[in-house]
Every structure is written in structure tokens, then in C-alpha cells.
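The values are calculated or read from the model by the stated rules, or taken from the named source; none is laboratory data. Everything quoted here is computed from the prediction, not taken from an experiment. Here the Cβ is made from the backbone with ideal geometry for all residues, glycine too, and neighbour counts use every protein chain on show. Accessible surface is based on the protein model in full, side chains and every heavy atom, while ligands, DNA and RNA are left aside. Shrake-Rupley method; radii C 1.70, N 1.55, O 1.52, S 1.80 Å.
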Amino acid sequence: MKFNPNEVVFEKIRYIEEFEPTTKQLLSRLTNVKEPTLNFTSEGTPVTDAQGAEIVTFYNAAQGTLSYTNAIHSFDLLAEQFSSEKNIASQDKKITAPVSEVLEISGNKAVLKYVPVGVAGAEIKYVQLVNDENEFGETLEVSATAGEGKFTIDAENKTLTFPADTTGRVIVDYEAEMAEAISLAKTTDSMPPIRTLHVHCYFRNKCDSNIKYIGVITFPRAQIDISSVDVSLTPDGGHTVTYKLQKPYCDEAGKLCEVFVYKD
């Protein structure tokens, strides 16, 4: 008997893969997909007779949307929502990133975690002392020599030196070069790229749940919808995304999607 399933139980989405449409290179893979929804729409043009009774309706301009939430945040996904590349640092191509530290002052000195970068001798222009009420205290300005209201910096040795009677803690904000870092940038005039999506699913036989089927839904032309992007900044908020689905414009077959099901 030929394999020809009809009614099955949809178990879950295993993962969603993104490909570059021309080269077919795999670009990202999201493995914590929840709350997926798939919707298709078409424009209907009714044809009526002389009395206004509808004879038939022609449908065209079919398109769709795929929405889901990745249970954990994805920087690859965020880069596409930003219409940006994800820059990856290395020893040869470091990324300059902002750093904020609250340091203990010991022996009128404080030691930074990273080497600060900037104008030589003034890599850090200002620091804020923390007062007894754990709030901003006095602001100190960098100087080549020690003095009241001043501090000096030895960037190479990551050391700040304060007036002799300075104690407590200090807030230090600066920039440092990172060899292990990434960066993304959101601009106002960028356009999200076109991708090909493969949605990998599990199905179960309705009569015997031990029988598993593999499903793959492919979308040849998918583009992230950036008309409204909500990025949750809470641990349990997840990462929500919506794709606009359209047929490849020059493809005569006009496939919005294709569904494949096979035995595990």
C-alpha cells in the first residue's frame, strides 16, 4: 500500500531554518519555536449577472504570513529584524563596546577590567564617586596630574588614581576593544532581506501515536515584517517574529509554500 496519510496529529515544530534563496546557504536555525500561526489571504473579485447575483468569484494575489515566538532570544533573528548584519569580533577585528563598572577604591586606586580606548591620557573623561547613600556623589575629571576633583589614568595598566583621601566606590563608564563580542545596528532606512524558510515538523498517526511522520513546510520567498517589531526584554518573554510570504515574482509556478510529509 502506498504511503498516503490524511488525518494526522500535529505534534510540534522541531526547528525553522533560514536559507539564502540563490545560494541555498543555511544562515540560521531556531530550535525553540512556540505559538506558530500560518495564514493565507487572497483578493476576491466577484462576477455578477445583470441582477447583481454572484456567478463566480476569481481569487488572485495570494500571499501569507508566518508568525511565531522563539522561546529564547535570538541575535540572528534580531539582526534580520534590524535589517542588519551581525558583526562578529575576532583577534584581528575587535569590536569597540561600552563598559560600565562600579569599582572599589583601594589605596586611592581602582583597577579596570578592560583596557580603555580613546584619546591618549583621557580615555575616560569623567567618573562619579558613590556617596554614603549609594547615590551619585562627586564627579571627578581626568587630568595629567593629581589634584582636587581630578583623577589620572594609566590605560595600559587599567589603573585610575584618585586624590589621597578618596575612599569608597566609583562608577566608571568607558569603551574597550573586545575580541569576543558581537554587535548589531538598527538604522532607519534599511530593508530586511528575502529568505527561504524550511519549517521542520513532527506529526503522529492518529490511531497509533508511536508512528511518527516528518513534515517540512518550505517557503521560497519570505521576508521579515518590520512594520511593527516588539522585542521583549524579560527572561520569559520570548522573541516574536512575523514573515510576509509571497511567491517568487518571476516564478511561473507561483508557489507560496510546499508541504512534504514522509515516514520517520
Q: Hand me the list of strands (runs of 3 or more DSSP E) wholly inside region 61-134 holding 3 or more residues that are under 30 Å from ASP230 (Cα atoms) and open to solvent by 60 Å² or more (accessible area, probe 1.4 Å).
A: 95-105
Q) Scanning region 145-160 for residues that are touching a Phe, Trp or Tyr at 6+ places or on another chain (Cβ under 8 Å) and open to solvent by less than 30 Å² (accessible area, probe 1.4 Å), which turns out farthest from LEU112 (Cα to Cα)? A) PHE151
(Q) Could you go through region 41-63 and let me know if any residue there is within 20 Å of the chain's Cα centre (by Cα) and touching a residue at least 12 places away in the same chain (Cβ under 8 Å). (A) no
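For (1) open to solvent by less than 40 Å² (accessible area, probe 1.4 Å); (2) of a type in the set (Gly, Ala, Ser); (3) not in a strand (DSSP E or B), each residue gets a yes or a no:
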{"residue": "ALA176", "(1), (2), (3)": "yes, yes, no"}
{"residue": "PRO220", "(1), (2), (3)": "no, no, no"}
{"residue": "GLY237", "(1), (2), (3)": "yes, yes, yes"}
{"residue": "TYR243", "(1), (2), (3)": "yes, no, no"}
Q) SER74 passes all but one of (1) in contact with a His (Cβ under 6 Å, 6 or more places away or on another chain); (2) at positive phi; which number fails? A) (2)
Q: Being surrounded by 17 or more Cβ atoms within 10 Å (Cβ to Cβ) and in a strand (DSSP E or B) is the filter here, so list the residues in region 245-264 that pass it.
A: LEU245
**Q.** Search result, residues across region 135-144 that are part of a strand (DSSP E or B), open to solvent by 30 Å² or more (accessible area, probe 1.4 Å) and of a type outside the set (Gly, Ala, Ser)
**A.** PHE136, GLU138, THR139, GLU141
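Would a scan of region 93-101 turn up a residue that is over 22 Å from the mean Cα position of the chain (by Cα), over 23 Å from LEU27 (Cβ atoms) and not aliphatic (A, V, I, L, M)?
Yes - at least one qualifying residue is present in region 93-101.
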(Q) If I filter region 187-203 down to residues being part of a strand (DSSP E or B) and farther than 16 Å from GLY64 by Cβ, which single residue comes out as farthest from the chain's Cα centre (by Cα)? (A) PHE203
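Out of the residues in region 1-19 that are of a type outside the set (A, V, I, L, M, F, W, C) and in contact (Cβ under 8 Å) with a residue 24 or more places away in the chain, state the one that is farthest from LYS206 (Cα to Cα).
Top of the filtered list is GLU18.
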